[in-house]
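The structure under discussion appears below in the form of structure tokens.
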Protein chains: 2
Amino acid sequence: MSALIPRLTDLLGPAHVLTGDATARHAKDWTGKFTSRPLAVVRPGSTAEVAAVLRLAAAAGVAVVPCGGLTGITGAVMNDGALMLSLERMNRIRELRPEARLAVVEAGVVLQSLHDAAEAQGLYFPLWFGARGSAMIGGVLSTNAGGSNVLRYGSTRALCLGLEVVLADGRVLNLMSELHKDNSGYDLKNLFIGAEGTLGVITAAVMKLVPRPRAYATATLAARSLPDALALLNRLQEVSGGAVEAFEYMPDTYMRQLERVRPDLKSPFAIPHAVNILVELGATAPRDAAAQPDGSTPVTTLLEETLAAMMEQGLILDAVVAQNEGQRRKMWERREAAAEATYARKPVIDTDVALPLHLVDAAMTAFHARLPAIDQAAETFTVGHLGDGNLHFSVYPTRDDPALAARVVEMVEDVVAELGGSFSAEHGVGLSKRPSMARRKDAVALDVMRALKAALDPGNLMNPGKVLPDRA
Amino acid sequence: MSALIPRLTDLLGPAHVLTGDATARHAKDWTGKFTSRPLAVVRPGSTAEVAAVLRLAAAAGVAVVPCGGLTGITGAVMNDGALMLSLERMNRIRELRPEARLAVVEAGVVLQSLHDAAEAQGLYFPLWFGARGSAMIGGVLSTNAGGSNVLRYGSTRALCLGLEVVLADGRVLNLMSELHKDNSGYDLKNLFIGAEGTLGVITAAVMKLVPRPRAYATATLAARSLPDALALLNRLQEVSGGAVEAFEYMPDTYMRQLERVRPDLKSPFAIPHAVNILVELGATAPRDAAAQPDGSTPVTTLLEETLAAMMEQGLILDAVVAQNEGQRRKMWERREAAAEATYARKPVIDTDVALPLHLVDAAMTAFHARLPAIDQAAETFTVGHLGDGNLHFSVYPTRDDPALAARVVEMVEDVVAELGGSFSAEHGVGLSKRPSMARRKDAVALDVMRALKAALDPGNLMNPGKVLPDRA
């Protein structure tokens, strides 16, 4: 191992092998929950260099932890004594082919860069979340990231056509296909997507692009209840033919915390409401986006008419429809301040759960019913992608106590398990949810995962100690 | 092994353990290309019985070959001396939940049964191909079947939310989720989809349903060229906002062979055309399906206007738009007679390749340019899902010669490889494409697949000798 650093320096040059204090930026965990002391941070500039780094690390028996934009919140890149392999220099968009609606990108491409490049061609890369200015494609793929547009376009997995992966032993696995049908053997691509770097290092990918909606219809509204909000979602999907791009849930707890942290983004409503929703429809067909004499578009009219009918029935209590792009952006800023609002107060116990849609209401009720028995005066904070059944339910406990935090997490997991949900929706497992994997995941599934890990990384050098729990 | 049959009979009852001549129906290969001599055919009626069968087989060291509707065309269930495990008795639709748009189905449910059950709820299961009256969900999943609606809804993989799998050792892997987001560890589901029973036996699944289109607009047309046909596809996607459900390619070779086999389904055009297309748009939004005073719908008007504009430009040479459901069905029958037409003439060398869309034309040109050097007077027959870049290019050679057939297949594979395509699009690998896997698949990918196979089926008892080629 002692010779590893000089060899890496020979390979990559001294500017791209960081040690000691120079690793601080990569070793830092922005959620503040984890600490990291990597042996070194290396920044290879090509797939061949990544392969060479992995060969050297394998020969030295040193663990490798791939990293990208460092925006994860499960501690998935935190480590002690491993070689952090940053993909940040592999930031080229190799190709962008509008007629085929795809982009060939390296793992270090920042999500926002891909958004910008696609938009310049009238297209859209439909993966949208707050950290898009830092998150990189490799990390997005490795966590199978979700966000606000999953409802219409799916998670990262659904947007990936092809993948390039460097395996633990330095071999390059070329799955860089742009085909829409390919049944030549096992589906290896999906095994690496969401594996958080524990099976290999994703170095490049072929990503789908979609037509950029020609017009949006966006509103913030207060619904009488969660079931009424879901009735609105169903009605909008029906009248629009499935054009709902986002359906985001911001309950009163969200609006209150947001007003503390970002008073400029407070609720648009005069009185507080329990169920606030940000809804957006995207018009992809020209006739749904055509400007009317009054300046509106058919898709906006559709939204307004649906909201008006439900207000008349008392199912919707108040609503504001964005009249221009500025108002639309403001509505989105309110939603995208979620991470800032969540972590502005410490200590915080955050979760990321998925539920069958019709059971989201039952889950919220159960969380609030069971919490006082654990911490009588704890406050809560929830934000969610309601259209996907994905809740980020957070608790601000009255004291900073790991045992208390563990009880809260277990209570949330109990509720989720009882309702057929998942303790991990879109943030991955990393370090923070390994105990949940041990407690909650089907034992046979864990065994199969361990067998796959052993098959692809027999030396256990690829981001060890993440995702899979230790054997009981 | 001698005690295996009595044990199976004890377990399942004599009616569900077939031996000798009683295995004929399952052992038969309808393409006529393969022969099969199974040890026995067993028909377990539940997941628990499947698990028990696998435990007995594992203890006896006997290979197990799962089978469903027996409609495959790659010989994937053909075997010599294995236990065929038919899922045909596991044919219950366990749940169909319209509000959640999903169905929980057992592996032996016939595709058409799921279509019918979904339709009764105003929904659609969007996997559509000729063999739907026999093909079963388990086989559809095991081959990641495609068909005519992949363009809009994706292959089987994209339609599966959850899976139940019995592993080689008889353990049951429960991945029966209905969640739209779930990042709790590796994606095991996609590993079993498309694995053709070589990693385990799929016994049940949670499948997505979609809203049934409120109206269809369907046409058969002749385009001046393949690039002109693709220009039409792009234009239709643009004006309809992505509502093209199917875009099927039937060149002159198809129409000629069809007229021989099924004169009732001959081309609707007075003169032969090189590029015939069946196109269908689905209107999911009410306003696109609303009946107009003249009886038409907006989606049909959209199709007619687009076709008219392109006829004026000379890009489309002729077109017939279906005026009612009867005419629509007739157009589809013409397309769905593909398998019947292909195999009505023997010998036939069939292929199933995928190409980047813009290279389909180049592939067709190359196939026809290179074929005469192999067999001067061979005839060809092509049908394809043009919207997916998926061609079924078949050759009727002048003599029944395996060496000649191998040269034709290799020529096709050469062309496909040169153009970045795949030698296997939607039919899987089975027996017939194992040589292609050996020749064409990335060596690293093959190694990884073998490692996964060894990890999940260390005794090599799950459909052995399929998908993966022997080591060189």
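The values are calculated or read from the model by the stated rules, or taken from the named source; none is laboratory data. None of the values given here were measured: they were computed from a predicted structure. Every residue, glycine among them, receives a Cβ derived from its backbone with ideal geometry; neighbour counts consider all protein chains shown.
Return yes or no: is residue A:405 surrounded by fewer than 24 Cβ atoms within 10 Å (Cβ to Cβ) and either more than 10 Å from chain B (Cβ to nearest Cβ) or closer than 23 Å to residue A:250 by Cβ (or both)? Considered against the rule, which asks whether it is surrounded by fewer than 24 Cβ atoms within 10 Å (Cβ to Cβ) and either more than 10 Å from chain B (Cβ to nearest Cβ) or closer than 23 Å to residue A:250 by Cβ (or both), residue A:405 comes out as yes.
Take the residues in the stretch A:344-362 that are under 21 Å from the mean Cα position of the chain (by Cα) and assigned to a helix (DSSP H, G or I); name whichever of them is nearest to residue A:265 (Cα to Cα). Going through the qualifying residues, I end up with A:360.
Say whether the condition of being away from chain B (no Cβ under 14 Å) and crowded, with 22+ Cβ neighbours inside 10 Å is met by at least one residue in the stretch A:281-299. No.
Residues that are within 14 Å of chain B (Cβ to nearest Cβ) and out of contact with any helix residue (DSSP H, G or I) (no Cβ under 7 Å at 6 or more places or on another chain) were ranked within the stretch A:374-391; the one that is farthest from residue A:275 (Cα to Cα) is A:390. The selection criterion, being free of Cβ contacts under 8 Å to residues at least 60 places away in the same chain and not assigned by TED's automatic domain parsing to the domain that holds residue A:250, holds for residue A:366. Of the set (1) more than 21 Å from the chain's Cα centre (by Cα); (2) under 27 Å from residue A:249 (Cβ atoms); (3) surrounded by 23 or more Cβ atoms within 10 Å (Cβ to Cβ), all apply to residue A:182 but (2). Tell me yes or no: at least one residue of the stretch B:437-447 is within 11 Å of chain A (Cβ to nearest Cβ) and touching a residue at least 60 places away in the same chain (Cβ under 8 Å). No, the stretch B:437-447 contains no residue that is within 11 Å of chain A (Cβ to nearest Cβ) and touching a residue at least 60 places away in the same chain (Cβ under 8 Å). Could you tell me whether the stretch B:181-193 includes any residue that is closer than 24 Å to residue A:434 by Cβ and part of a strand (DSSP E or B)? Checked against the condition, which is being closer than 24 Å to residue A:434 by Cβ and part of a strand (DSSP E or B), the stretch B:181-193 yields no hits at all.
State all residues of the stretch B:118-151 that are within 11 Å of another protein chain (Cβ to nearest Cβ) and out of contact with any helix residue (DSSP H, G or I) (no Cβ under 6 Å at 6 or more places or on another chain); if no residue qualifies, say none. Those that are within 11 Å of another protein chain (Cβ to nearest Cβ) and out of contact with any helix residue (DSSP H, G or I) (no Cβ under 6 Å at 6 or more places or on another chain): B:122, B:142, B:143, B:146, B:147. Residues considered: A:377, A:341, A:366. Of these, the only one that is in a helix (DSSP H, G or I), surrounded by fewer than 21 Cβ atoms within 10 Å (Cβ to Cβ) and aliphatic (A, V, I, L, M) is A:366. When the residues of the stretch A:195-228 are filtered to those that are in contact with a Leu (Cβ under 8 Å, 6 or more places away or on another chain) and basic (Lys, Arg), the one that is nearest to residue A:284 (Cα to Cα) is A:212. Could you check how many residues of the stretch B:402-436 are touching a residue at least 60 places away in the same chain (Cβ under 8 Å) and either small (Gly, Ala, Ser) or over 24 Å from residue B:359 (Cβ atoms) (or both)? Looking only at that region, the number is 9. Of the residues B:242, B:200, which is within 14 Å of chain A (Cβ to nearest Cβ) and surrounded by fewer than 23 Cβ atoms within 10 Å (Cβ to Cβ)? Going through B:242, B:200 in turn, just one is within 14 Å of chain A (Cβ to nearest Cβ) and surrounded by fewer than 23 Cβ atoms within 10 Å (Cβ to Cβ): B:242. Reported count of residues in the stretch A:268-293, each being polar (S, T, N, Q) and in contact (Cβ under 8 Å) with a residue 40 or more places away in the chain, is 2. Residues of the stretch B:152-179 that are touching an Asp or Glu at 6+ places or on another chain (Cβ under 6 Å) and either crowded, with 20+ Cβ neighbours inside 10 Å or within 7 Å of chain A (Cβ to nearest Cβ) (or both): B:152, B:161, B:168, B:174.
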